[in-house]
Amino acid sequence: MTKRVPGIVLAGIVLTLFHTHPAFSQSSEELNALRNEIEALKQSHSALQKELQELKSLLQSRQAPPAPQNVVFSIADDPFKGEKGAKVTLIEFSDYQCPFCARHFRETLPQIERDYVVNGRVKYVFRSFPIESIHPHAFKAQEAASCAGDQGKYWEMHNRLFGNQNALGLTELPQHAQALGLDLPRFQQCLDSGKHAGKIRSDLADGQKAGVQGTPTFFLGLTEPNDPKVKAVRIIRGAQPYTVFKEAIDSLLSTQK
């Protein structure tokens, strides 16, 4: 039985023939184009492996036991969008290097904001849950968002990080800060000092206590006026479609008179 030659190996053989055999001689431009295609194929293969690992983590989280009962979050110091006293609070535990979190950010969150946040019915809260074992840049990326928040641009950095998940290294975070017009020395000093690391560790601890095992994970609760704490009554695991969030939010809104 013949064996199939993997695409990357085959591409390498073809490139070798182009270099060594007169019958396959090509211009330097064509060879460069072929090299670029091979490199793109390698990157695609690497991205696929990463997606498979993320899918494995997501499946494991869905098979996890139900979230503990009587989960209460204190959200007084968390970044949020919407009205402070909105009837429903949606809390996301997320990771800036997680592709499923980025998918939710791109595809579902804009619809939630449009239909529920901007009109004051839902308060959206972001909490960090960097899974450092598979996302080595996620913790420092969250620090970068918090440092940008010190200069009034948390959400601008938040959006930029999710939009540039392949550029979250230590040398690249200051570039994002510069692009946003931040005071760069102040940002760098904040990042180097680990000023916000304690808050991130606290978010991780709260998430683990509440049963978070993968990202993104969402908790929904009813909001009491002037109460900085939210009791979670619904949980959504993973980058679910908008309809899942709509059903959960509408259900909670209908209980509020």
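Things to note:
- Restricting segment 57-71 to residues that are farther than 22 Å from Y242 by Cα and surrounded by 12 or more Cβ atoms within 10 Å (Cβ to Cβ), the residue that is modelled with the highest pLDDT: V71
- Of the helices (runs of 4 or more DSSP H) lying entirely inside segment 91-207, those carrying at least 2 residues that are loosely packed, with under 14 Cβ neighbours inside 10 Å and modelled with pLDDT of 95 or more are 173-179, 184-193.
- Selection count, segment 223-257, where residues are surrounded by fewer than 19 Cβ atoms within 10 Å (Cβ to Cβ) and either of a type in the set (D, E) or modelled with pLDDT under 90 (or both): 10
- Exclusive hit being in the same structural domain as Q213 (by TED's automatic domain parsing), of a type outside the set (A, V, I, L, M) and under 17 Å from C98 (Cα atoms), set G163, G152: G163
- Number of the condition not met by G214 [criteria: (1) under 30 Å from E51 (Cα atoms); (2) in contact with a Leu (Cβ under 9 Å, 6 or more places away or on another chain); (3) in a helix (DSSP H, G or I)]: (3)
- Segment 217-247, residues that are under 20 Å from F100 (Cα atoms) and assigned to a helix (DSSP H, G or I): Y242, T243, V244, F245, K246
- Any hit, segment 3-24, residues being modelled with pLDDT of 70 or more and exposed (fewer than 13 other Cβ atoms within 10 Å of the Cβ): no
The values are calculated or read from the model by the stated rules, or taken from the named source; none is laboratory data. Everything quoted here is computed from the prediction, not taken from an experiment. For neighbour counting, all protein chains shown are included, and Cβ atoms are generated from backbone atoms with ideal geometry for every residue, glycine included.
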